Amino acid sequence: MNEEISNIIEDIVLKDPEKIVFSNPSGSQSDGFIKIIINKIVLKDIPTYQIEQYTEKQVFHRNISCDLLKDALIDLFEKPYRQVNVFAERYQMELRIGKKGNYHLTRKHIDTSEPRIRATGNNRQKNHIIKEGMAVPALIELGVFTPEQKVKNSMQDKFRQINRFTEFIDDCLRDFHKEKINIIDFGCGKSYLTFIVYHYLKEIRGIEPDIVGLDLKSDVIKKCNDLAGKFGYNGLRFEKGDINGFRAPFDKVDMVLTLHACDTATDYALYNAINWGADKILSVPCCQHEINGQIRSERFTALTKYGLIKERFSSLVTDAIRGCMLEYSGYRTDLMEFVDIEHSPKNVLIRAQKHNISMEKRKKALSEARNLCEEFGLDQTLMRLILKDTQEK
Ligand SMILES: C[S@@+](CC[C@H](N)C(=O)[O-])C[C@H]1O[C@@H](n2cnc3c(N)ncnc32)[C@H](O)[C@@H]1O
């Protein structure tokens, strides 16, 4: 088998296909089958490939586990089918093979707003971007997947979080048609999210990512750089540093991410993103201690006298102020539920996209944030940083 076909097979497996069709056989070496269809199905909760082999009058079925797809493809590519069509959730490929072995390959990345081809079966997998059985080697090394590509029990919540985050990114990038994207993941920690985002962009969306993960901890930074090197992820690197005062590593920052960056680290990340004019910001904050330590009220003592209510209210007030300050800074902003609370109590996601927002609306957002600060005696970091620059009173 020539190297190019081997690469095409690798590529097909990486795309986690839902359906592959081999058709248009020539000669007698196709075992008498006129067409082969491979469908991804879910049998008793286990993703499986079902191979349908068609003769003129009959169809024969056999099932194989996902990790045997590559072997099955190698076998089928040895047979003289002249046409191969591959359908994945966000990707389609057509390969036409000529009589002399020459071939013509067309690929199409599918806009995420188009209907998707889904795996069928009694027990469908949830509509996740990253699924069990998918070949994402970094997830095994990071300890999210077992070597059999199943989610480890202890990592179910984290898996859900990074998948959900990636779905938000997917949604955010509907209108993104450039070939390259520059992203910073602030407070990347062990970088489960960072590696998944890289995989998603490069392998599933076909966008060339340049991603920097930043964290204070030198041991995790070293580990993550080693891992990126091991997998040849050229567009992924990790730096040790403080978010506060970090200088943009790209001329143009397209997207800033934070997942559970502690307390005011989220504020410095948002502030950097705003200052750099990042087009898109996705941020799931964590442990909003700053406001919890300040909050007081003459009138609304019911909100501050119970520890639990005070803590939750402080978090909500913090994120509401952040939302307003992003709007004030020219970002269309939504605060959304990230994952169900049972999978993380820190489940608010701030989604902000640079937008042409009228000055009237921006000022209104600022006054809404001010009202909260006045009512509850607050000095909130993101607000302070932004107002210091604009010298608003
Ligand atoms: C709760 S962990 C989240 C890690 C990762 N994003 C995740 O969700 O798995 C928060 C991370 O933020 C990092 N961090 C906190 N403050 C930071 C700062 N000022 N600059 C850089 N990293 C920071 C911590 O070292 C830690 O690794």
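The values are calculated or read from the model by the stated rules, or taken from the named source; none is laboratory data. Fair warning: this is a prediction, and the values are worked out from it, not measured in the lab. Counting neighbours? That spans all protein chains shown, and the Cβs are built from the backbone with ideal geometry, glycine included.
If D334 satisfies every condition in (1) charged (D, E, K, R); (2) farther than 24 Å from E167 by Cβ; (3) not in a loop (DSSP other than H, G, I, E, B) but one, which is the exception? Evaluating D334 over (1) charged (D, E, K, R); (2) farther than 24 Å from E167 by Cβ; (3) not in a loop (DSSP other than H, G, I, E, B) leaves (2) as the failure. Scanning segment 287-303 for residues that are touching a residue at least 40 places away in the same chain (Cβ under 8 Å) and touching a Ser or Thr at 6+ places or on another chain (Cβ under 7 Å) turns up E290, I291, I295, R296, S297.
So how many residues does segment 163-177 have that are more than 11 Å from the ligand (Cβ to nearest atom), aromatic (F, W, Y) and within 20 Å of A269 (Cβ to Cβ)? Steps first, answer last, please.
At the first step, the residues of segment 163-177 found to be more than 11 Å from the ligand (Cβ to nearest atom) are 163-164, 166-177.
Those left that are additionally aromatic (F, W, Y): 168, 176.
So of that shortlist, the ones also within 20 Å of A269 (Cβ to Cβ) come out as 168.
Qualifying residue count, segment 163-177: 1.
For segment 258-281, filtering for residues that are within 12 Å of the ligand (Cβ to nearest atom) and either touching a helix residue (DSSP H, G or I) at 6+ places or on another chain (Cβ under 7 Å) or more than 21 Å from E337 (Cα to Cα) (or both) leaves 9. Looking at I20, I5, I12, just one residue is surrounded by 13 or more Cβ atoms within 10 Å (Cβ to Cβ), in a helix (DSSP H, G or I) and within 26 Å of the chain's Cα centre (by Cα), and that residue is I12. Looking only at segment 197-206, count every residue that is closer than 27 Å to Y268 by Cβ and at pLDDT below 95 and tell me the total. Residues in segment 197-206 being closer than 27 Å to Y268 by Cβ and at pLDDT below 95: 2 in total.
Here the condition is being of a type in the set (K, R), in contact (Cβ under 8 Å) with a residue 12 or more places away in the chain, away from the ligand (no atom under 12 Å from the Cβ) and not assigned by TED's automatic domain parsing to the domain that holds I46; of K180, K152, it holds for K180 alone.
Residues checked against (1) in the same structural domain as I64 (by TED's automatic domain parsing); (2) in contact with a Ser or Thr (Cβ under 6 Å, 6 or more places away or on another chain); (3) over 29 Å from K70 (Cβ atoms); (4) modelled with pLDDT of 95 or more:
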residue	(1), (2), (3), (4)
E148	no, no, no, no
R160	no, no, no, no
F168	no, no, yes, no
C188	no, yes, yes, yes
D215	no, no, yes, yes
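Condition check for C286 on (1) more than 28 Å from K152 (Cα to Cα); (2) near the ligand (Cβ under 10 Å from one of its atoms); (3) crowded, with 19+ Cβ neighbours inside 10 Å: one failure, at (1). In this structure, R164 does satisfy being basic (K, R) and in contact (Cβ under 8 Å) with a residue 60 or more places away in the chain.
Scanning segment 72-102 for residues that are in a strand (DSSP E or B) and touching a residue at least 24 places away in the same chain (Cβ under 8 Å) turns up Y81, R82, Q83, V84, N85, V86, F87, A88, Y91, M93, L95.
Taken over segment 182-212, the criterion of being in contact with a strand residue (DSSP E or B) (Cβ under 6 Å, 6 or more places away or on another chain) and of a type in the set (D, E) is satisfied by D185, E208, D210.
For segment 190-219, the set of residues classified as without any contact (Cβ under 8 Å) to a residue 40 or more places away in the chain, within 12 Å of the ligand (Cβ to nearest atom) and out of contact with any Phe, Trp or Tyr (no Cβ under 8 Å at 6 or more places or on another chain) consists of L216, K217, S218, D219, listed by residue number.
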